[in-house]
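Working notes, beginning with the structure itself.
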Amino acid sequence: MDDEQTVKTEGGRPPANPETETLDIWVAATEEPEFHPTDEGTQELGPDESDDRLDDQFGRVVADDYLFDDEVAEEERTVLNMGPQHPSTHGVLRLHLELEGETIRRTKPIIGYLHTGMEKTAEQLTFSQGPTNVTRMDYLAPLHGELGYSLAVERLLDVEVPPRAAAIRILMTELNRIASHLVALATNGMDIGALSMMIYGFRERESILAFFEKTTGLRMNHNYIRPGGVAADLAPGWKDDVAAILDDLPKRLRQYDDLLEKNPIWLARTRGVGVISPEEAIAYSITGPILRATGVDWDLRKAFPYSGIDQYEFEVPVGENGDVYDRYRVRVEEITESLKIVEQVMDTMPKGDYRIGDRKITPPPRARIDESMEALIHHFKLFTEGFKVPEGETYVAVESPRGELGCYVVSDGQARPYRMHTRAPSFYNLQGLPIAMADSLVADTIATIASMDPVMGDVDR
Amino acid sequence: MMTTVERAANWARTRSMFPATFGLACCAIEMMATGAAHYDLARFGMEVFRASPRQADLMIVAGRVSQKMAPVLRQVYDQMPDPKWVISMGACASTGGMFNNYALVQGVDQVVPVDIYVPGCPPGPQSLMHGILTLHDKIMAGEIVR
Amino acid sequence: MSPILAQLAERFESVTWEESHGQDVARVPGENWEAFARAAKESGFEVCADVTAVDRMRSRPERYEVVASLLSMSHRVRLRMITAVGRENPSVASLTPLWPGAGYAEREVYDMFGIGFEGHPDLTRILMPDDWEGYPLRKDFAVGSVPVQFKMSHQVN
């Protein structure tokens with residue numbers, strides 16, 4: 001400690017007073033009792049003229065033009081890797097971003113981190129076990145996957161389910177659409193910063209999941225819609241539960257509007273961001289809310305109706321600009337339209353069987369097994385060997401919350417599918433991600449991915 | 001035989017365990033539902049899901065781990081600072097679940113050491129919370145020493 | 001059969017048409033695959049909904065079938081085109097130059113079956129790791145299941 005020579009510190013500060021300079025903790029009664037700190041030697045610090053950078057550091061000058069520096073050379077592209085573990089990528093999606101400064105020039109999604117070999121597993125499961133597999137592909141819309149598969153198998157069998165089964169299927173799938181869009185809104189909101197949306201979305205979803213649990217036994221991945229009908233009838237008192245949902249949701253949707261609709265931050269982050277044009281969407285086989293947000297009025301429920309959905313009146317919301325805001329808006333309005341369908345189904349639910357009567361396909365009621373030998377044999381054959389489906393191949397598509405969910409089933413006359421392939425909507429929608437993100441900023445990536453609502457279980461299968 | 005300091009440290013560790021976001025598939029949705037309002041994880045101090053593994057102490061492997069994902073899982077686990085715990089949530093993470101095939105790692109304990117297995121497909125929020133609370137009890141009782 | 005399909009049938013004589021459970025299927029020989037697809041696109045099939053494949057093993061003369069599902073939004077018609085691809089170095093023309101949306105699907109078929117697509121801009125593995133050997137959805141690729149046993153117990157034969 002030099003206290004004899006004057007310590008010339010940087011910046012021309014006055015020489016330090018050794019007594020005040022030490023900054024030691026002085027413990028009472030241990031150091032010199034005559035130590036009296038004074039302000040002798042301290043001086044008021046004048047403005048420091050010596051170093052240019054200190055102006056920036058002290059905040060006297062703010063340089064904010066580095067963000068828009070157009071002189072970034074063409075070769076200076078940084079490759080940024082996002083994922084596969086990242087909170088905003090909705091599952092395990094990995095993105096290679098080529099950045100020039102803050103602008104994204106190219107994107108390459110890398111998928112396969114959730115590949116489960118479901119199409120191979122499907123060849124090992126019987127036709128009535130098939131829904132357990134398909135339901136886990138798009139795990140936010142499991143009933144739609146089951147519906148596509150069941151419709152394909154029923155078409156191969158050339159059977160029609162009873163009207164009550166068809167109506168129950170529509171009731172469950174439309175409620176599933178609402179639940180899936182609630183998750184989409186929740187994660188959309190959370191990724192963009194409206195953290196309360198996460199809580200709101202999942203809160204509403206709980207009432208729908210409680211209804212699902214009452215009817216199918218599970219909150220998710222239900223294995224409820226099976227070839228031949230549905231697994232069990234609706235629980236007694238289901239009308240009250242559905243009526244409660246119908247009462248509750250419109251009020252909550254107004255809450256979301258209050259939170260988001262006129263919020264300038266939300267509008268600034270979603271309008272004009274992640275734009276896809278209708279021609280690009282059609283060329284890249286994008287379907288669902290993303291396609292409808294670009295202005296193309298295409299919904300499989302209207303174009304190729306399935307399971308009797310054409311008896312119900314509803315509209316298909318269509319956007320204009322194809323940006324993140326329009327996709328969000330289309331999803332909110334689809335919730336309202338699905339509520340209309342659910343109400344109509346509830347009012348007009350036909351009576352009858354909830355599954356087809358053909359004992360070669362559906363198992364007999366449990367009580368009959370004790371009474372009739374034939375019922376016992378049918379039950380045994382169905383659950384050990386499974387029912388055989390005649391040779392053939394078919395492709396059936398339903399409108400899932402993400403787009404066209406198709407199931408291509410090939411049978412060779414055995415009890416197991418020869419080949420089962422799912423046309424996964426998110427797989428194709430993800431091809432639109434590089435288009436939507438071209439020449440946008442990194443911060444908009446999160447908003448764009450959230451609005452594409454990919455479900456990686458669907459993408460990777 | 002635990003000293004008071006160890007007991008206090010265990011108490012502190014259980015009362016604000018930060019989970020790392022490792023939601024992979026369907027179980028991730030149930031994990032999010034557990035953190036949401038109806039089944040609230042915030043009452044255990046755990047609603048803050050840290051994106052960076054460096055700031056997390058609990059990794060809930062929620063979902064099926066494919067062959068491509070296994071090295072990533074190990075890397076994220078290695079990045080977590082000690083003391084760290086792993087909950088394997090769901091049938092696919094615990095044993096490969098219904099997908100006994102080429103594409104999945106049959107049980108995440110082939111890649112990382114697991115403390116608690118939560119069965120279910122997917123396990124409901126109550127099951128996951130039971131698993132988390134069992135982990136808390138085990139740490140408090142000193143069974144898991146890190 | 002819808003009018004645009006009837007027109008296509010007239011233009012291509014080597015294509016056989018079937019009806020499979022109410023849907024139109026065109027069996028296209030391999031060399032006409034791209035020409036037929038181009039003609040279909042010009043007649044109004046704007047969307048290629050799906051491209052997949054089936055491994056028929058020894059039950060057919062050619063081992064693989066490549067199946068493309070087309071959709072016409074303006075005419076509300078679906079068409080399925082199927083072509084048979086042989087065993088040695090299986091390869092077919094790519095539909096990606098016509099419909100960019102087929103890009104990922106064809107990569108998946110390559111990854112799962114090993115069928116090449118000529119003219120595809122980026123034919124690499126998409127679902128399996130890049131260094132994976134074998135094509136999982138082929139019938140001679142085993143499921144890869146692990147015998148189910150309790151891991152800690154002694155081996156039970």
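Quick notes on this one:
- The peptide list B:106-116, B:133-143, A:326-336, put in order of mean Cβ contacts within 10 Å with the highest first, becomes A:326-336, B:106-116, B:133-143.
- Spin-label pair A:Asp158/C:Trp132, simplified geometry with 7 Å Cα→Cβ offset, distance in nm: 3.8
- For region B:53-73, a decrease in accessible area of 50 Å² or greater in the assembled protein chains relative to the isolated chain, with a 1.4 Å probe, applies to B:Arg64, B:Lys68, B:Met69.
- Centroid-to-centroid separation of region A:356-402 and region A:193-220 [C-alpha atoms, Å]: 31
- Based on the reciprocal of the average 1/r between different C-alpha atoms, the Kirkwood radius for region C:3-155 equals 16.9 Å.
- With both labels modelled 7 Å from their Cα along Cα-to-Cβ, the B:Ala141 to A:Leu376 distance reads 4.6 nm.
- By the rule of a C-alpha distance below 23 Å, with chain neighbours fewer than 8 residues away ignored, the lysines paired with A:Lys381 are A:Lys360.
- Expressed as a whole percent, the accessible surface of the protein assembly as shown that belongs to carbon and sulfur atoms is 51, based on a 1.4 Å probe.
- The H on the amide N of B:Ala37, modeled in the peptide plane, is under 5 Å from the matching H of A:Arg203, each at least 5 residues off or on a different chain.
- Each label point was placed 7 Å from the Cα along the Cα-to-Cβ direction; for C:Ala142 and A:Ser196 their separation is 5.8 nm.
- Extension gain (nm, one decimal) between A:Thr103 and A:Gln124, 0.36 nm per residue minus Cα-Cα: 2.8 nm
- For B:89-100, mean number of other protein chain Cβ atoms within 10 Å: 3
- Euclidean distance between Cα centres, region A:124-170 to region B:15-59, Å: 33
- Average partner coverage of C:56-64, which counts Cβ from other chains inside 10 Å: 1
- The packing ranking of peptides C:46-54, A:185-193, highest mean first, is C:46-54, A:185-193, where packing means the average number of other beta carbon atoms within 10 angstrom of each residue.
- On a per residue basis, the protein assembly as shown carries 44 Å² of accessible surface, using protein heavy atoms and a 1.4 Å probe.
- Cβ-derived FRET efficiency at R0 22 Å, C:Arg76 paired with C:Gln7, nearest 0.05: 0.85
- Region A:291-336 versus region C:31-106: alpha-carbon centroid distance in Å: 28
- Region A:346-400: C-alpha gyration tensor shape, a/c 1.5 cut-off, then a/b vs b/c: oblate
- Kirkwood hydrodynamic radius computed over region A:370-461 comes to 16.6 Å, based on all pairs of distinct alpha carbons.
- About its Cα centre, the dipole of the protein assembly as shown is roughly 4900 debye, where the only charges are +1 on Lys and Arg Cβ and -1 on Asp and Glu Cβ.
- Built from the Cα atoms of the protein assembly as shown, the convex hull projects on average onto 45.3 nm², one quarter of its surface area.
- Region C:3-155, relative contact order [Cα under 8 Å, separation at least 6], %: 17
- Cβ-derived FRET efficiency at R0 30 Å, B:Gln75 paired with B:Leu133, nearest 0.05: 0.55
- Highest-first packing order for the peptide set C:68-80, C:12-24 is C:68-80, C:12-24, based on the mean count of other beta carbon atoms within 10 Å.
- Theoretical FRET efficiency, 1/(1+(r/R0)^6), r = Cβ-Cβ of B:Glu47 and A:Met346, R0 30 Å, to 0.05: 0.25
- Other protein chain C-beta atoms within 10 Å of residue C-beta, averaged over A:401-412: 2.
- Here region A:193-234 is scanned for amide nitrogen atoms under 16 Å from the site 7 Å beyond the Cα of A:Arg368 along Cα-to-Cβ, giving A:228-233.
The values are calculated or read from the model by the stated rules, or taken from the named source; none is laboratory data. Because the structure is a prediction, the values reported are computed rather than measured. Don't worry about glycine lacking a Cβ; one is built from the backbone with ideal geometry, like all the others, and counts go over all protein chains shown. Protein only, heavy atoms only, side chains kept; ligands, DNA and RNA dropped before computing areas. Shrake-Rupley method; radii C 1.70, N 1.55, O 1.52, S 1.80 Å.
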